[in-house]
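Participant: This structure is in structure tokens; I'll ask about it shortly.
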Amino acid sequence: MAASAQAQAIWVGTRKGLFVVRRNASGWTLGAPHFPGEPVTQLAFDPSSGACYAALRLGHFGVKLWKSADGVGTWQQVSAPAFPPKPVEGEWKDDATPWTVDMVWALEAGPGTLWAGCLPAGLFKSADGGASWQLVDSLWLRPERKEWLGGGYDHPGIHSILVDPRNGNHLTVAVSCGGVWQTRDAGTTWTNTSNGMVADFMPPERREDPNIQDVHRVAQCAADPDVLWAQHHGGLYRSDDGALNWLRLAAPAISEFGFAVAAHPTDPARAWFVPAHSDAERVGGRASRRDPGP
Amino acid sequence: MPTVEFASALTRHVACAPQSVDAATLREALANAFRAAPALQGYVLDEQGAVRKHVAVFVNARMISDRSRLDIALQPGDNVLVIQALTGG
């Protein structure tokens with residue numbers, strides 16, 4: 001789901017198409033869907049070009065990416081992220097993770113670069129508006145990836161990409177289950193920054209291992225990008241130092257289990273979570289969080 | 001020459017008429033057929049060159065069993081049909 005920059009509109013990607021909800025004088029109006037009947041997993045607006053991108057996960061025919069250069073819905077299919085041929089020799093020839101993109105799980109536009117996080121957990125970049133994509137080898141080929149786990153899916157995936165509005169070379173990505181990773185050189189080198197997170201469900205010796213943290217979603221305050229919020233499999237977290245350290249927050253009334261989190265764009269002390277009843281009973285409500293203090 | 005035809009479930013995404021192609025194997029037949037509609041390849045094959053798991057390929061009405069081994073010999077007059085496998089609900 002994304003808020004459109006050019007109008008008061010909410011774009012909602014669903015398993016049955018991309019819906020636009022617009023506000024007018026009489027309230028909110030639901031329009032006809034784009035890509036009717038098709039699963040739309042991600043949507044991204046590129047403010048520098050005015051283009052809009054929609055990622056589809058066709059049940060039979062794979063991942064597709066569509067682009068609207070005018071940002072209003074005249075769509076053209078462009079290239080979708082794709083892995084290079086899987087090595088037939090060397091360290092990765094027996095990689096248990098398939099080298100085929102199953103879903104675009106995160107899609108973000110930075111200055112001059114479009115980033116896609118996928119399931120399995122490949123990070124891809126495009127410098128030509130989706131005409132071509134390159135796998136970010138520096139993350140995909142890290143030995144730590146062999147320790148990553150699938151969460152709700154069979155394989156680990158990248159579901160959150162945060163481009164620092166102050167520096168487009170600084171990215172924060174999150175992996176379920178593989179923790180939070182950051183680069184400050186546009187993807188040349190990476191550091192796991194999951195300090196403070198605890199995976200309660202893991203064996204005691206591994207609970208604080210940064211490389212197996214099951215982060216469900218990370219959000220960043222646009223006005224204060226050093227403030228980040230995370231919905232983790234086992235709790236709500238906040239960081240005040242650019243994700244170097246994470247503080248576990250007190251559980252809200254329903255539970256501290258959930259998936260979604262949205263950061264307030266200007267108030268670094270406020271975020272919204274959607275906690276479920278529990279891991280085993282994934283229904284629930286919503287919670288607004290204001291930290292520190294009420 | 002073998003013929004290659006894609007079912008309407010595929011050609012509604014990327015138009016591609018039935019065609020005769022010069023090919024000695026199934027892999028060659030598909031590759032040559034995709035020349036007429038390059039965008040169709042990504043709908044039928046994944047990036048490793050295997051038939052997508054919810055797509056089925058038939059040679060003379062017999063479904064191939066191994067999605068990765070497409071080096072099946074074809075004879076002139078063989079018919080290749082690619083369909084959307086009816087999986088899920």
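Participant: Mind grabbing the base-10 log of I(q)/I(0) for region A:4-111 at q = 0.13, 0.24 Å⁻¹? Debye formula, identical points on the C-alpha positions, no solvent, two decimal places.
Facilitator: -0.56, -1.34
Participant: At B:Ala24 and B:Gln75, where each label point lies 7 Å from the Cα along Cα→Cβ, what is the point-to-point distance in nanometres?
Facilitator: Modelled inter-label distance: 1.7 nm.
Participant: Sort region A:112-254 into rounded, prolate or oblate with this rule: let a ≥ b ≥ c be the square roots of the eigenvalues of the Cα gyration tensor; rounded if a/c is under 1.5, and if a/c is not under 1.5, prolate when a/b is larger than b/c, oblate otherwise. All intermediate terms of the calculation are to be shown ahead of the outcome.
Facilitator: Details: a/c = 1.91, a/b = 1.32, b/c = 1.45.
Cα axes put region A:112-254 in the oblate bin.
Participant: Let me ask something else. Would you mind calculating the relative contact order of chain B from Cα pairs under 8 angstrom and at least 6 residues apart, reporting the percent as a whole number?
Facilitator: On the way: 148 pairs, mean separation 34.9, N = 89.
That works out to 39 percent.
Participant: Ok, one more. Enter the mean number of other protein chain beta carbons within 10 Å of the beta carbon of each residue in B:39-52, as an integer.
Facilitator: On the way: counts 3, 1, 0, 9, 5, 3, 1, 9, 13, 8, 1, 2, 0, 5.
The per-residue average across the peptide is 4.
Participant: Relative contact order of region A:137-257, please, whole-number percent, based on alpha carbon pairs below 8 angstrom and at least 6 residues apart.
Facilitator: Working: 279 pairs, mean separation 22.7, N = 121.
Computed over region A:137-257, the figure is 19 percent.
Participant: Averaging sequence separations of C-alpha pairs under 8 Å and six or more residues apart, then dividing by the length of chain A, give the relative contact order as a whole percent.
Facilitator: Numbers: 759 pairs, mean separation 23.6, N = 294.
Answer for chain A is 8 percent.
Participant: For a quick check of understanding: with a 1.4 angstrom probe and all protein chains in place, what accessible area in square angstrom does A:His233 have, to the nearest ten?
Facilitator: Here the accessible area works out near 40 Å².
Participant: Chains B and A: what accessible area do they bury, summed, in square angstrom to the nearest 100, with a 1.4 Å probe? It would help to have the intermediate numbers written out before the result.
Facilitator: Details: alone 5410 and 13880 Å², together 18100 Å².
By this definition, chains B and A bury close to 1200 Å².
Participant: For the modelled label position 7 Å from the Cα of A:Arg22 along Cα-to-Cβ, which residues of region A:54-92 have backbone nitrogen atoms closer than 15 Å?
Facilitator: A:71-74, by backbone N distance to the label point.
Participant: Note down the net charge around B:Ser20, summing +1 for each Lys or Arg and -1 for each Asp or Glu among other residues with Cβ under 14 Å from its Cβ.
Facilitator: Values: positive: B:Arg35; negative: B:Glu5, B:Asp22, B:Glu28, B:Asp78.
Net charge around B:Ser20: -3.
Participant: Related question: Mind ordering B:43-51, A:185-193 by average Cβ neighbours within 10 Å, highest first? Spell out each step's value before the answer.
Facilitator: Numbers: B:43-51: 19.6, A:185-193: 15.7.
Top of the packing list down: B:43-51, A:185-193.
Participant: Could you give each residue of region B:41-48 its phi-based ³J(HN,Hα) in whole Hz, using Karplus coefficients 6.51, -1.76, 1.60 with θ = phi - 60°, and x for Gly or Pro?
Facilitator: Once θ is set to phi - 60°, the couplings for region B:41-48 become 4, x, 7, 9, 10, 7, 6, 9 Hz.
Participant: Would you look at the GNM of chain A, springs on alpha carbons closer than 10 Å, and say which of A:Gln77, A:Gln42, A:Gln213 moves the most?
Facilitator: Looking only at A:Gln77, A:Gln42, A:Gln213, the biggest GNM fluctuation is shown by A:Gln77.
Participant: Averaged per residue, what accessible area in Å² does region B:3-89 show with a 1.4 Å probe, protein chains only? Kindly include the intermediate steps, with their values, before the conclusion.
Facilitator: Details: 4700 Å² over 87 residues.
Value returned for region B:3-89: 54 Å² of accessible area per residue.
Participant: Another question, if that's okay. Go ahead and set up a Gaussian network model of chain A, Cα springs under 10 Å, then flag whichever of A:Phe257, A:Phe35, A:Phe124 fluctuates most.
Facilitator: Ranking A:Phe257, A:Phe35, A:Phe124 by mean-square fluctuation puts A:Phe35 first.
Participant: On average over all directions, what projected area in square nanometres does chain A have, based on the convex hull of its Cα atoms? Display every interim value, and only then the final one.
Facilitator: On the way: hull surface 64.9 nm².
Projected over every direction and averaged, the Cα hull of chain A covers 16.2 nm².
Participant: Still on this structure, I have one more. Averaged per residue, what accessible surface does region A:1-87 expose to a 1.4 Å probe, in Å²?
Facilitator: Values: 4420 Å² over 87 residues.
With the other protein chains kept in place, region A:1-87 gives 51 Å² per residue.
Participant: Hey, another quick one. Using just the helices of chain A, give the 222 nm mean residue ellipticity in deg cm²/dmol: DSSP H runs with n ≥ 4 each add -39,500 (n - 2.57), and the total is spread over all residues, rounded to 500. Provide the component values of the computation, followed by the final result.
Facilitator: Details: 1 runs with 4 residues, N = 294.
Value at 222 nm, helices only, nearest 500: 0 deg cm²/dmol.
Participant: Could I ask something else about it? List the residues whose amide H sits under 5 Å from the amide H of B:Leu45, counting only those 5 or more places along or on another chain, with H placed 1.01 Å from N in the peptide plane.
Facilitator: B:Arg52
Participant: What list of ³J(HN,Hα) values in whole Hz, one per residue of region A:46-62 in order, does the Karplus curve 6.51 cos²θ - 1.76 cosθ + 1.60 (θ = phi - 60°) give from phi, with Gly and Pro shown as x?
Facilitator: 9, x, 6, 10, x, 7, 10, 10, 10, 9, 10, 10, 5, x, 9, 10, x
Participant: Still on this structure, please answer the following. Please give me the summed charge of the neighbours of B:Ala73: other residues whose Cβ is under 15 Å from its Cβ, Lys and Arg +1, Asp and Glu -1.
Facilitator: Taking every Cβ under 15 Å from that of B:Ala73, the sum is -2.
Participant: Ignoring ligands, DNA and RNA, how do B:Arg67, B:Arg12, A:Arg238 rank by accessible area with a 1.4 Å probe, largest first? Mind dumping the intermediate values first?
Facilitator: Working: B:Arg67 90, B:Arg12 160, A:Arg238 25 Å².
Order by accessible area, largest first: B:Arg12, B:Arg67, A:Arg238.
Participant: When the accessible area of the protein assembly as shown is split by element with a 1.4 Å probe, what percent falls to carbon and sulfur?
Facilitator: Details: 9640 of 18100 Å².
The value for the protein assembly as shown is 53 percent carbon and sulfur by accessible area.
Participant: Using heavy-atom solvent-accessible surface (probe 1.4 Å) with all chains present, what is the largest-first order of A:Met202, B:Met63? The partial results should precede the final answer.
Facilitator: On the way: A:Met202 30, B:Met63 110 Å².
Ranking A:Met202, B:Met63 by accessible area, largest first, yields B:Met63, A:Met202.
Participant: Could I ask something else about it? Keeping all protein chains in the complex and leaving out DNA, RNA and ligands, what accessible area do you get for A:Glu208 with a 1.4 Å probe, in Å² to the nearest 10?
Facilitator: Number for this one is 140 Å².
Participant: Also, quick follow-up: Take B:Met1 and A:Leu244, extend 7 Å from each Cα along the Cα→Cβ direction, and tell me the distance between the two endpoints in nm.
Facilitator: The answer from the label model is 6.5 nm.
Participant: Gaussian network model of chain A, Cα springs within a sub-10 Å range: biggest mean-square fluctuation belongs to which of A:Ala51, A:Ala32, A:Ala243?
Facilitator: A:Ala32
Participant: Another question about this same structure. Per residue, how much accessible surface does region A:108-214 expose to a 1.4 Å probe? Answer in Å², no decimals.
Facilitator: Numbers: 4120 Å² over 107 residues.
Counting only protein heavy atoms, the per-residue value for region A:108-214 is 39 Å².
Participant: Once R0 is set to 56 Å, what does the formula 1/(1 + (r/R0)^6) return for the Cβ-Cβ distance between A:Ala269 and A:Asp94, expressed as a FRET efficiency to the nearest 0.05? Let's see the in-between values first.
Facilitator: Details: r = 48 Å, r/R0 = 0.85.
Given R0 = 56 Å and the Cβ-Cβ separation, E is 0.70.
Participant: Counting only other residues whose beta carbon sits under 14 Å from that of A:Val40, what net charge do I get with K and R as +1, D and E as -1? List each step's numbers first, then the result.
Facilitator: Details: positive: A:Arg15, A:Lys16, A:Arg57, A:Lys64, A:Lys67; negative: A:Glu38.
Taking every other residue near A:Val40 into account, the sum is +4.
The values are calculated or read from the model by the stated rules, or taken from the named source; none is laboratory data. All values reported here derive from a predicted model rather than from experimental measurement. Every residue, glycine among them, receives a Cβ derived from its backbone with ideal geometry; neighbour counts consider all protein chains shown. Just so you know, the surface numbers come from the protein's heavy atoms only, side chains and all, with ligands and any DNA or RNA stripped out. Shrake-Rupley method; radii C 1.70, N 1.55, O 1.52, S 1.80 Å.
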